[in-house]
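The values are calculated or read from the model by the stated rules, or taken from the named source; none is laboratory data. If you're wondering where the values come from, they're calculated on a predicted model, not measured in any experiment. Positions of Cβ are backbone-derived with ideal geometry, glycine not excepted, and every protein chain shown enters the neighbour counts. Heavy atoms of the whole protein, side chains included, go into the accessibility calculation; ligands, DNA and RNA do not. Shrake-Rupley method; radii C 1.70, N 1.55, O 1.52, S 1.80 Å.
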Amino acid sequence: MNKEEFKNIIINANYFTKYEAIVDIKTKEIYAYEALSKFEIDNNIISTEDIFRYLHHNNRLFFQLEKRNKELQIKNFPKNKKLFLNFDADICVSTEQQNYWELFLFEQKDNVVVEITENGSDDETSAKIMRDFSSWLSNKSIETALDDFGQDGSMFSFFMMNGSRYIKIDKSFIRQIDLNKNYLHYLKGVLKTIKLNGQKSIIEGIETKEDLELAKKLDCDYVQGYYFDEHKIVR
């Protein structure tokens, strides 16, 4: 598939957003939503992984696509809640991109949390891009969340953890505890550190009642996952 063919597929693909609830573990009230981008593309033509691999090699298209996506996500979300928006640092590297996102986010800064996602590489250049993006957001007083803490292959750094208001615990923690109960003590230590830092924790991957009961035993602030879909929280 050449660049032009890929561009046409992406631009013409049906796009929608799923708003996944982030729930207060104590009150059981919805605190915020995370906007999850979905593309209706035949996986036999191109996989989700390949889509982002291509986009990381086409910064202009990636930026144009995310401008459209983020505008739609802002337009359609429930206005009385916070909205977590996934941002890839690679779309905020040029002066043009930074100027655009600064204006976009400034207008929404009271409602939006920028979720910093990894850019698919573990080299030093990519790590620097992410650190610079985290610093840029902090300097603009925009709230951030560090996504997928503890994920396999994560480029986690204390620099980005220290600069984030929210720390999202990857679902792999819950899955590992199912396999080895000793990891429960490790997760408790992580959550205690987050609380001592004055930050908020979000445990992802709550898919069953058992997952929710486990999260209730932990000293976390919020939970998120497919379990809440059946309660018609997602729109």
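For region 43-99, the pair-distance distribution built from all alpha carbon pairs, in bins 10 Å wide starting at 0, is 19, 44, 30, 7 percent.
Over the chain, what is the percentage of antiparallel beta bridges among all DSSP beta bridges, to the nearest 5? Once the DSSP bridges in the chain are tallied, antiparallel ones form about 35 percent. Calculated accessible area for the chain comes out at 53 Å² per residue, all protein chains present (probe 1.4 Å; ligands, DNA, RNA ignored).
Each Lys and Arg Cβ is given +1 and each Asp and Glu Cβ -1; about its Cα centre, the chain then shows a dipole of about 840 debye. For region 15-113, DSSP calls about 60 percent of its internal beta bridges antiparallel. Here is how the number arises for the chain: DSSP H runs of 4 or more residues each give -39500 (n - 2.57), the sum is divided by the residue count, and the result at 222 nm is -13000 deg cm²/dmol.
Between the amide H of Asn86 and those of Ala35, Glu115, distances stay under 5 Å, these residues lying 5 or more places away or on another chain, with hydrogens modeled in the peptide plane.
Evaluating kT/(6 pi eta Rh) at 10 °C and 1.306 mPa s, with the Kirkwood radius of region 40-154 over Cα pairs in the Stokes-Einstein relation, gives 105 µm² s⁻¹.
Checking the cross-link pairs Lys192/Lys216; Lys79/Lys200; Lys7/Lys70; Lys3/Lys70; Lys28/Lys140; Lys168/Lys216 against a 25 Å limit on the alpha carbon distance flags Lys28/Lys140 as lying beyond it. Normalised by the residues of region 1-154, what does the relative contact order come to in percent, with Cα pairs under 8 Å and at least six apart? Worked out over region 1-154, it gives 18 percent. With only the Cα atoms considered, region 174-235 has a convex hull volume of 77 Å³ per residue. Of the heavy-atom accessible surface of the chain (probe 1.4 angstrom), what whole percent is carbon and sulfur? Ligands and nucleic acids excluded, carbon and sulfur give 48 percent. The residue among Gln64, Asn44, Tyr33 whose Cα reaches farthest toward the positive pole of the charge dipole of region 1-73, with charges on the beta-carbon of Lys, Arg, Asp and Glu, is Gln64.
When the Cα positions of Tyr54, Phe6, Leu212 are compared along the charge dipole of the chain, Leu212 comes out farthest toward the positive end, with charges on each C-beta of Lys, Arg, Asp and Glu. For region 114-224, the share of alpha carbon pairs falling in successive 10 Å distance bins from zero is 14, 46, 31, 9, 0 percent. Taking every Cα-Cα distance in the chain and sorting them into 10 Å bins starting at zero, the pair-distance distribution P(r) comes out as 7, 30, 37, 22, 4, 0 percent. In this structure the amide hydrogen of Ile22, modeled in the peptide plane, comes within under 5 Å of the amide hydrogens of Tyr31, Ala32, Tyr33, Glu34, none closer than 5 places in sequence on its chain.
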